[in-house]
Amino acid sequence: MAARLVRRCCWRHFGAFVSTPSAVPASLLVPAGKAATARALPQAPFTLFHTSSPSSWADGFSVKEQVEESRNPEHKVIGELIETATSPRELFQLSEFRALNSNQASLIITQLSRLAVEKNLETESILRDERFQQLIGITDSQISQVWNNTLVNLLKSLCSLGMDSNRREMQSVEQEVLWRLRRLTFRQLTSLAEFLAVKQGKESRLLNEVIKKLELRWTELEGTRTVVTLMGKVGHVSPALMDRLEDKALELAEQFNPDDIRKIMLALAYQNRRCVPLLRALSYHLIQKHSELSLSVLMDLIFAYGKLNFHQPQVFQKIATDLHPHVSTMKPIEVTRCIRSFALLKWLSLPLFEAIVQYALDNTKQLSVTHLCSIILSFARLNFQPSGSEDFFNMVHEELQSQLDSLEPHLLTDLVWSLCVLQQAKAPYLQRVLAPDFHARIRGDQSLKAQNLRLKLIHINAAAKLESPDYRGPFLPAEMLSPAEPAGEKVTLLQSSLREALAGVLGSRENGRFDARTIYGWQI
């Protein structure tokens, strides 16, 4: 009822500004004595454009623009009618009986885009509408008179509606934005950069110019939301800007909530930026201030730590402890993602991993072969032997042995290698990967991936000979066991230091043998 009364009031006031009251469409007039259907005012902000004020067109406008708007009651009424419109028909009708200026036409286009997103409307029909073409013509003919914030929203709206970037009107709007970049606020630049990074990508000329302005004006950067947004959406485009953002994030670390920390950690992980001071600060405040973390935050955090290989035992303990109660309700993909991250960090939490073993036993039918393989590979990396290993591995063998032929060669090799580590490799597994037809496909292949596969096969062959007395073959041929050095292998600092120390103890390198490669796949 309140919404309808506001619209009636706006239309009645608007009728005083138009020359002929009859020009107002009858379908938009509400009889005074007739009950109107209740319809709530739009309370949420224009999510597509990230404005902070939910019910005001003034959000983001300059002081001069807001003063000008408040002085003209007609503009104010039209703005309220545009904002409260609930369908494209209502918006198009505004242009049928009143000559609009370019700013008002831009606001209508912005509202059309918002309605298209909210109500999942067909954008092609909007773009083809003759009245929309008239609105575009108005904005194009007076583009220099469109206010800055409205211009930014206009560009984003046209992109969201799917207008062809090669159209002259579209290029005109982009060029106008490009000319005005120096006059835009930092917040407008941030909003524009976030949108262009998602919609147009690194190749966008306008995005590159916006980022240059952000880099020059980085001292204006303030507020946790802006920092988090730029790091997650724009940072990957400009390493120089990301450096500034990391410095600002370090300064604001104490103010971030858990979701902010999650987004920053993911941004660093996806960009492979191991900013140690920032990671330490975020880890400290995560432990000190945030007692309860949601499952999604916990999963993303341990993924980010694993991706960056950044070790924080106190954080890992907290994550493992908080994850433990969630295990029974997690999905298989969540369980495997979680355990894989801990395996990458080589950090073992016995209660958590025992809970995952019980989860696997209770949800065998929900776990695919890939899920089981991921669990086995993670256990092997941590050399984890479950307390109820007999029940668990009986289930694993029952589920996997009939599916070996369906596994990709590298995954099958990793699975058997892991079972050897866990001392659970039975004859069917060994026979499958040591068979001549299996390793024949990598013979002569000198790629790094093939060399890693060959090395694991040599390890499996050694385990079959030395740890499986009942296994009778087949085994790898002698030519595959040659101690040829893998191409591109680098000597680590620890290895070189150890060799120098041993040479000093022995008196000379000639008195010892170094880097002796064995037929078992290990160096001595």
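The values are calculated or read from the model by the stated rules, or taken from the named source; none is laboratory data. Computed from a prediction, not measured in an experiment: that's the story for all the values here. Heads up, the Cβs are rebuilt from the backbone with ideal geometry, glycines too, and the neighbour counts pull from every protein chain shown. Heavy atoms of the whole protein, side chains included, go into the accessibility calculation; ligands, DNA and RNA do not. Shrake-Rupley method; radii C 1.70, N 1.55, O 1.52, S 1.80 Å.
Here are some notes:
- Label point distance in nm, residue 329-residue 455, each placed 7 Å from Cα along Cα→Cβ: 4.3 nm
- Rolling a 1.4 angstrom probe over the protein heavy atoms with all chains in place gives region 264-386 an accessible area of 44 Å² per residue.
- Reach of residue 331 by Cα under 19 Å, taken over lysines that are not fewer than 8 positions away in the same chain: 365
- Partners for residue 426 among lysines (Cα-Cα distance below 16 Å; same-chain residues under 8 apart left out): 465
- Anchor residue 119: aspartates and glutamates whose Cα lies under 16 Å away (excluding residues fewer than 8 positions away in-chain): 83, 90
- On region 390-456, 48 percent of the accessible area sits on carbon and sulfur atoms, based on a 1.4 Å probe.
- Label-to-label distance for residue 203 and residue 99 is 4.3 nm, based on points extended 7 Å past Cα in the beta-carbon direction.
- Based on C-alpha pairs under 8 angstrom that are at least 6 apart in sequence, region 101-235 has a relative contact order of 23 percent.
- Cα centre as origin, Lys/Arg/Asp/Glu Cβ charges: region 114-214 dipole, Debye: 520 debye
- Take region 412-477 with all the other protein chains still there, run a 1.4 Å probe, and you get 48 Å² of accessible area per residue.
- Violating pairs (Cα-Cα greater than 30 angstrom) within the set 199/248; 263/456; 307/456; 199/263; 212/289; 212/318: 263/456; 212/289; 212/318
- Listed pairs 213/233; 233/490; 76/156 exceeding 26 Å between Cα atoms: 233/490
- Separation in nanometres of the label points that stand 7 Å from Cα toward Cβ, at residue 505 and residue 240: 5.3 nm
- Phi-based couplings in Hz for region 227-235 (Karplus 6.51, -1.76, 1.60; Gly and Pro marked x): 4, 5, 4, 5, 5, x, 9, 10, x
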